[in-house]
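Here is the structure we will look at, set down as structure tokens.
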Amino acid sequence: MDQFLQHVINALSLGSIYALIALGYTMVFGVLQLINFAHGEIYMLGAFTGMYTIRWLRLEEHPGIGSLIIALIAAMAASATAGFIIERLAYRPLRKSPRINLLITAVGVSLFLQYSGQLVFGSDPQFFPTGILEIEGYNWSYGDLVIEPMQIVALVLALILMFVLQYIIFRTRLGRAMRAVSFNHDFASLMGIPTNQIISATFMLGSALAGAAGVLVGLIYPKIDPLMGTMPGLKAFVAAVLGGIGNVTGAVLGAFTLGLAEEFLVGYWVPTYRDALAFGILILILLFKPSGLLGVHRAEKV
Amino acid sequence: MEAVRRQTRMPKHRFLFSASTYQTLSWGLVLLAAFVVSPWIEQGINPYWFTIVIYCGINIILAVSLNLVNGFTGQFSIGHAGFMAVGAYVAAVVTMALGANPAWNEFVASNGISESAVLPIGLCLGGIAAAGAGYMVGMPSLRLRGDYLAIVTLGFGEIIRVIMMNTEAVGGASGLNNIPFLSNFGWVYSSVVLTVFCVWRMVHSSHGRTLLAVREDEIAGEAMGVNTTQAKVRAFAMGAFFAGVAGGLYAHQLRILTPQTFDFNRSFEVVIMVVLGGMGSISGSVVAAVLLTVLREALRVVQTWYEIDIRMVIYSLVLIILMLTRPNGLFGSREITDFFPASLRRKLAGGAEARGGVK
């Protein structure tokens, strides 16, 4: 039973990270119908920004939630900027060209960030300073059950960010504009919505969440390297598809489902097939319910 | 109908044999020539350049076969390395098993067959296995729109890699060793000729027209009675077959297979060849494959200066800049023959159509 609970706890913290990344995917897909392959790399940038912020500001000397939040904000700002630049330079000029060109560009941007990341950060893995979250006297264990402080912090922060996002999307003018753009690009523009700005804002918002996920993942799995974004990025995409791409609640649901499935596969069955599981799920979901768990099936229009 | 066909130079509704006898013969001659010149080339140029020439050939096969899927059918697949891996492993296992089989060795010795005769068997089986894999992946995912296909093919490549890594029978993570060295110039370039010929005939047959219909407008194609799913799966399986053949050749050139060889970068290299050459241009793929294979070797020199793999940075930049400035690549959907003078073009075409893709 303890083992089971332990897996559930691990799955929740893993799922919360997937959820943060998946939200960015699903938002960008919502407004542009584009799979932003570079999203996983933005998450990588977030992790590195977080690490360098902690190092340069010597935040490790003052461990605690406050320092973590500083690192988090720095990472989110850097990621949002990266997202803005990518959208501006690579995607916007291609807005009117065929979708396949946009897709190829996205793949190109993703690889460019990975490998120029290797040039800038070096290709060897670096250790994320997890010491930033040493809370004195913290010891939460019950029998075999151990809950790391990082896990709680990751889950709570992820949930807070998701609620903030939910608020932005459904309760603010910006959110209403985003929904309008995702509903119909041209009509939104006719109604006086500055679509380009809204798309930029969506990219920045999604990227900021990915950046936050980067810092959180650094805390839980402290080895970070420039290629770290690929796998979680793809898995988060699978999570977004699983929940119904374009659907914000669906992305979160899909992410936690994927986290649970992975954790149980690793814990109870064949750990080596971990990376294959997400793609297996993807193929199955595309086969049986392509619109995802919460998605609405939209007939293709001519 | 016949009059219209003659007027518009529409292809007849057959696949391999609709080429004029003249054309088929000349292709056959080129294929044989690969074997004839093979020993001279192997002895004539230094081993380093020879390896590059072989890799050029393998990359041409990969690029042309992927062009069938990405270029002519308009389906964006980025899992070509997965099919290559299937072909490579199956071909290697087949040749190794046959090489170790006493009955086969006796048969070879008593009939005076060259020892490299196991290679075509391995290549065929590898290709068929890869085509089977392509069919299996294509069936569910090709019903869907392009972006999903991209992710599924990528995911499939990863699944293959994980499976190879966990199968002890093929060496697991440490790889398959001691594969016989059989990929000589003759086998590689006859495969190149065969690939280019088959893809060229495929594209200019009525099957090819359905592929172009899928690329240009899937919904309109469907309305005209094209079974788009079937057309896509067909292109996919055929592309996978040749990727498998290329994988087999690669295995018997490198002599060692590890799952890491067939990662995402491998697929990406092929994608960029297709995009650079022009999606929908066979000769474009050939030119781009040669160009990038040579560029890769040239960059290896740069790599020794900086000690960092700068290749992928350049590749990805090339890809982004191409998409922003010249999305049609070098050739667009034209073929190299389109640039020849008209008189020569007519002669080459031999009465059949001279033009490549649909404009």
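Of the numbered conditions (1) within 14 Å of another protein chain (Cβ to nearest Cβ); (2) buried (at least 24 other Cβ atoms within 10 Å of the Cβ), A:Ala210 satisfies every one except a single condition; which is it?
The number of the failed condition is (1).
Would you list the helices (runs of 4 or more DSSP H) that sit entirely within region B:41-127 and hold 3 or more residues that are under 27 Å from B:Leu330 (Cβ atoms) and not β-branched (Val, Ile, Thr)?
B:47-67, B:80-99
Is one or more of the residues making up region B:142-161 under 24 Å from B:Pro259 (Cα atoms), of a type outside the set (A, V, I, L, M, F, W, C), surrounded by fewer than 18 Cβ atoms within 10 Å (Cβ to Cβ) and at pLDDT 80 or above?
Scanning region B:142-161 turns up no residue that is under 24 Å from B:Pro259 (Cα atoms), of a type outside the set (A, V, I, L, M, F, W, C), surrounded by fewer than 18 Cβ atoms within 10 Å (Cβ to Cβ) and at pLDDT 80 or above.
Does any residue of region B:324-337 turn out to be part of a helix (DSSP H, G or I), touching a Gly at 6+ places or on another chain (Cβ under 9 Å), at pLDDT below 85 and more than 14 Å from chain A (Cβ to nearest Cβ)?
Among the residues of region B:324-337, at least one is part of a helix (DSSP H, G or I), touching a Gly at 6+ places or on another chain (Cβ under 9 Å), at pLDDT below 85 and more than 14 Å from chain A (Cβ to nearest Cβ), which makes the answer yes.
For region B:148-168, does any single residue satisfy the condition of being among the basic types (Lys, Arg), within 14 Å of chain A (Cβ to nearest Cβ) and assigned to a loop (DSSP other than H, G, I, E, B)?
no
Any residue in region B:80-97 that is over 21 Å from the mean Cα position of the chain (by Cα) and farther than 19 Å from B:Arg255 by Cβ?
Checked against the condition, which is being over 21 Å from the mean Cα position of the chain (by Cα) and farther than 19 Å from B:Arg255 by Cβ, region B:80-97 yields no hits at all.
Name the residues in region B:183-221 that are within 24 Å of B:Leu29 (Cβ to Cβ) and either basic (Lys, Arg) or assigned to a loop (DSSP other than H, G, I, E, B) (or both), would you?
If the condition is that a residue be within 24 Å of B:Leu29 (Cβ to Cβ) and either basic (Lys, Arg) or assigned to a loop (DSSP other than H, G, I, E, B) (or both), then B:Ser183, B:Asn184, B:Arg201, B:His204, B:Ser205 are the ones that fit.
Of the residues that make up region A:120-141, is at least one within 14 Å of chain B (Cβ to nearest Cβ), closer than 30 Å to B:Leu324 by Cβ and part of a helix (DSSP H, G or I)?
Within region A:120-141 (the criterion being within 14 Å of chain B (Cβ to nearest Cβ), closer than 30 Å to B:Leu324 by Cβ and part of a helix (DSSP H, G or I)), the answer is yes, since at least one residue qualifies.
Specify the residue that is surrounded by the fewest Cβ atoms within 10 Å (Cβ to Cβ); the eligible residues are those in region A:284-300 that are within 9 Å of chain B (Cβ to nearest Cβ) and modelled with pLDDT under 80.
A:Glu300
When residues of region B:85-119 are filtered for being in contact with a helix residue (DSSP H, G or I) (Cβ under 7 Å, 6 or more places away or on another chain) and among the aromatic types (Phe, Trp, Tyr), how many remain?
The number of residues fulfilling the criteria is 2.
Mind telling me which of the residues A:Met191, A:Met178, A:Met231 ends up being surrounded by fewer than 20 Cβ atoms within 10 Å (Cβ to Cβ) and under 20 Å from the mean Cα position of the chain (by Cα)?
Going through A:Met191, A:Met178, A:Met231 in turn, the sole match is A:Met231.
From the list A:Ala251, A:Ala236, pick out the single residue that is within 12 Å of chain B (Cβ to nearest Cβ), under 15 Å from the mean Cα position of the chain (by Cα) and either assigned to a helix (DSSP H, G or I) or closer than 27 Å to B:Met139 by Cα (or both).
After applying the criteria, what remains is A:Ala236.
Conditions: (1) more than 12 Å from every other protein chain (Cβ to nearest Cβ); (2) free of Cβ contacts under 8 Å to residues at least 60 places away in the same chain; (3) not hydrophobic (A, V, I, L, M, F, W, C). B:Arg311 meets all but one. Number of the miss?
The single condition B:Arg311 does not satisfy is (1).
Looking at (1) at pLDDT below 85; (2) under 15 Å from the mean Cα position of the chain (by Cα), which is the only condition B:Ala298 fails?
Exception for B:Ala298: condition (2).
Check whether at least one residue in region A:154-174 is at negative phi, modelled with pLDDT of 85 or more and in a loop (DSSP other than H, G, I, E, B), and report yes or no.
yes
When you check B:Val170 against the structure, is it without any contact (Cβ under 8 Å) to a residue 60 or more places away in the chain and surrounded by fewer than 22 Cβ atoms within 10 Å (Cβ to Cβ), yes or no?
Taking the combined requirement at face value, the residue does not satisfy it.
So which of A:Val120, A:Val109 ends up being of a type outside the set (Lys, Arg) and surrounded by 20 or more Cβ atoms within 10 Å (Cβ to Cβ)?
Among A:Val120, A:Val109, only A:Val109 is of a type outside the set (Lys, Arg) and surrounded by 20 or more Cβ atoms within 10 Å (Cβ to Cβ).
What number of residues within region B:52-62 are touching an Asp or Glu at 6+ places or on another chain (Cβ under 9 Å) and surrounded by 24 or more Cβ atoms within 10 Å (Cβ to Cβ)?
Final tally of qualifying residues: 2.
Determine which member of the set A:Ile69, A:Ile9, A:Ile21 is in a helix (DSSP H, G or I), closer than 21 Å to A:Ile160 by Cα and under 13 Å from the mean Cα position of the chain (by Cα).
Selected residue: A:Ile21, the only one of A:Ile69, A:Ile9, A:Ile21 that is in a helix (DSSP H, G or I), closer than 21 Å to A:Ile160 by Cα and under 13 Å from the mean Cα position of the chain (by Cα).
Go through (1) under 13 Å from B:Gly244 (Cα atoms); (2) touching a Pro at 6+ places or on another chain (Cβ under 7 Å); (3) hydroxyl-bearing (Ser, Thr, Tyr) and name the single condition B:Thr95 misses.
Tallying (1) under 13 Å from B:Gly244 (Cα atoms); (2) touching a Pro at 6+ places or on another chain (Cβ under 7 Å); (3) hydroxyl-bearing (Ser, Thr, Tyr), B:Thr95 fails exactly one: (1).
Quick one: which of B:Met96, B:Met139 is surrounded by fewer than 17 Cβ atoms within 10 Å (Cβ to Cβ) and either of a type outside the set (Val, Ile, Thr) or closer than 26 Å to A:Leu103 by Cβ (or both)?
B:Met139
Here are some conditions: (1) over 19 Å from the mean Cα position of the chain (by Cα); (2) farther than 19 Å from B:Val271 by Cα; (3) small (Gly, Ala, Ser). B:Gly126 meets all but one. Which one does it not meet?
Of everything listed in (1) over 19 Å from the mean Cα position of the chain (by Cα); (2) farther than 19 Å from B:Val271 by Cα; (3) small (Gly, Ala, Ser), B:Gly126 misses just condition (1).
Does any residue of region A:150-162 turn out to be surrounded by fewer than 18 Cβ atoms within 10 Å (Cβ to Cβ) and of a type outside the set (A, V, I, L, M, F, W, C)?
No, every residue in region A:150-162 fails to be surrounded by fewer than 18 Cβ atoms within 10 Å (Cβ to Cβ) and of a type outside the set (A, V, I, L, M, F, W, C).
So, A:Ala71, is that one touching a residue at least 60 places away in the same chain (Cβ under 8 Å), within 13 Å of A:Ala213 (Cα to Cα) and of a type in the set (A, V, I, L, M, F, W, C) or not?
Yes; evaluated as a whole, the condition is true for this residue.
Being more than 20 Å from the chain's Cα centre (by Cα) and either surrounded by 12 or more Cβ atoms within 10 Å (Cβ to Cβ) or at pLDDT 80 or above (or both) is true for just one of B:Gln75, B:Gln43, B:Gln23, B:Gln7. Which residue is that?
One residue alone meets the criteria, B:Gln23.
Considering only residues that are touching a residue at least 12 places away in the same chain (Cβ under 8 Å) and closer than 12 Å to A:Asn10 by Cα, look in region A:259-273 and name the one that is farthest from the other protein chains (Cβ to nearest Cβ).
Step by step, filter region A:259-273, then rank; the result is A:Leu260.
Any idea how many residues of region A:96-119 are in contact (Cβ under 8 Å) with a residue 60 or more places away in the chain and either acidic (Asp, Glu) or more than 7 Å from every other protein chain (Cβ to nearest Cβ) (or both)?
Residues that pass the stated criteria total 6.
The values are calculated or read from the model by the stated rules, or taken from the named source; none is laboratory data. Given the structure is predicted, the values throughout are model-derived calculations rather than measurements. Quick reminder, even Gly has a Cβ in these numbers, built from the backbone with ideal geometry, and neighbours come from all protein chains shown.
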